[in-house]
Amino acid sequence: MKTTVVGAGVVGLACAYELSELGHDVTVVDAGAVGAQASAGNAGWITPFLSTPRAAPGAVRDAFASFTSREGPARMQPHLEPGFAAWILSFLRASSRKRNAAGTAALQEFSRGALDHFDALLDRGVSFDQYTDGLGVVFKQERNLEHYEQLAGRMRSLGYQGGLSVYRGDDVRAFEPALHRDIAGVLHLETERHVRPETLTQGLAKSLVANGGTVVEHDRVTTIRRDSNRGWLVATESGRDLRSDQVVVAAAYPTRELLRPLGIKVPLEAAKGTSMTAFGTGVAPTHPLKLYENMVACSPFGNSVRLSGTFDIGVRNHELNHKRLATVIRQGLSYLDNWRPTDVEVKWVGHRPTTVDDLPVIGPADGQDGLYVATGHGTLGVTLGPITGALAAREIAQGAPCKELEPFRLNRF
């Protein structure tokens, strides 16, 4: 079976690798380099605990409030197109308590197997940098820590089984010496992990090629159309015509425009993020840290540290907003005692593909035999990428629905 996968991020490459493991002849094609878009500069967290939808009570209010603030972690840029207004209204409806609770339960159940699927990749020889120090959620305000302790109880009721520890006072710096002395407390999610995401995408691509697959970089897909009654043709900007029996579209935000000519509506919007990875002086963090009040992610990778943040909905350009990045860095450093960046390794911007309910879209496109969609993972592309790839590949290969993927079908919209 020949399969073309559009998109060389974590999700697309995981789908491609798993299909190659099942004997498919797989070609992956991407407009850029492997893992260079949303997968490249994110925090790299594998975090079942934080697998919850951003479509939550108060989310839209906070985003609209950001119009008058340059400091907020989430912002919204209005567009005149009618589709954007419809997206916002749908996001608002999905932010009700009832729908948020249903979405949280679905993501918690789905993410429960996430760590096992990373282990399975390593067991099969996929190489990537993984760290097993857990994840610290860091709070400047005691009331926020108390709120998170209550949230932990809710996650336990939904089946979360990871270890949890809480540190206050002098115990905070004993746990993480890099933190500022004024920190109120830390909730340590002991069994969470993080990876350097660039190594994950490179490792998946290398293993795919070792299985006989092909990776085409720097060649934007222009059209996806039927090639015959049973086949598909993926045309690229350079003039390639990739013919296959199956197509998996995992192209993040561009998925929306690629599928529109086929009459398939995917309610995606771009949520722009930014990060800096740097070497520095002072005491560097040893744990990945979610710096709660400012929603900044801090991830140590060996001798370097990555500070990442912003969730700017509707900002679709690829230009680095230096002011937004400076805010992320300044806010992130306010939680740290004396670590300061001195040698910047990379600055990054990328678009997280976000659906109106902030749940991924995974499954066959109705009425389009052989066309499969895997996108919309938002900030959970790393956490859910390998499990998405494994279950989607099984579903495609067997031609039978996978019950674990039922909450994420496209036809729910």
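No value in this document is a laboratory result; all are computed from the given coordinates. Treat the numbers as computed from the prediction; the structure is a model and nothing was measured. Because the Cβ atoms are built from the backbone with ideal geometry, glycine has one as well, and the counts that use them run over all protein chains shown.
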Order of 379, 214 - criterion: other Cβ atoms within 10 Å of each residue's Cβ, fewest first: 214, 379
Value at 222 nm in deg cm²/dmol, rounded to 500, when DSSP H runs of n ≥ 4 in the chain each add -39,500 (n - 2.57): -9500 deg cm²/dmol
Pair residue 158, residue 33: separation of 7 Å Cα→Cβ label points (nm): 3.6
From the coordinates shown, semi-axes √(5λ) of the Cα gyration tensor in Å corresponds to which of [x] 43, 23, 18; [y] 35, 27, 20; [z] 34, 23, 21: [z]
Cα-based helix-to-principal-axis angle, 197-210 vs the chain, degrees rounded to 10: 30
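Grab the Cα-Cα distance for residue 129 and residue 238, subtract it from 0.36 nm times how many residues apart they are, and report the gain in nm with one decimal.
Result: 35.9 nm gained on full extension.
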Among 381, 125, 134, residue whose mean-square fluctuation peaks in a GNM of the chain (springs only between Cα atoms under 10 Å): 125
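Taking Rh as the Kirkwood radius computed over C-alpha pairs, what is the Stokes-Einstein D of the stretch 1-54 at 37 °C in a medium of viscosity 0.692 mPa s, expressed in µm² per second?
On the way: Rh = 12.5 Å.
Roughly 262 µm²/s, to the nearest whole number.
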Estimated distance in nm for a label pair at residue 170 and residue 150, the labels positioned 7 Å out from Cα along Cα-to-Cβ: 3.1
Inter-probe distance in nm under a simple model that places probes 7 Å from Cα toward Cβ, at residue 81 and residue 366: 2.3
Two-site FRET efficiency, residue 141 against residue 227, from Cβ-Cβ distance with R₀ of 60 Å, rounded to 0.05: 0.55
FRET efficiency, residue 347 to residue 295 (Cβ-Cβ, R0 22 Å, nearest 0.05): 0.70
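Exposure proxy check: 186, 166 ranked by fewest other beta carbons within 10 Å?
The order, fewest Cβ neighbours first, is 166, 186.
What translational diffusion coefficient, in µm²/s and rounded to a whole number, does the Stokes-Einstein relation yield for the stretch 62-172 at 4 °C and a viscosity of 1.567 mPa s, taking the hydrodynamic radius as the Kirkwood radius over Cα pairs?
This corresponds to a translational diffusion coefficient of 71 µm²/s.
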5 angstrom amide H check on residue 38, placed H, neighbours 5+ away: 351
Reciprocal mean inverse distance between Cα atoms of the stretch 210-348 - Kirkwood radius, Å: 18.2
Rounded tilt (10° steps) of 10-21 against the dominant C-alpha axis of the chain: 50
Rounded, prolate or oblate (a/c below 1.5 giving rounded, otherwise prolate when a/b exceeds b/c) for the stretch 139-197 by Cα gyration tensor: oblate
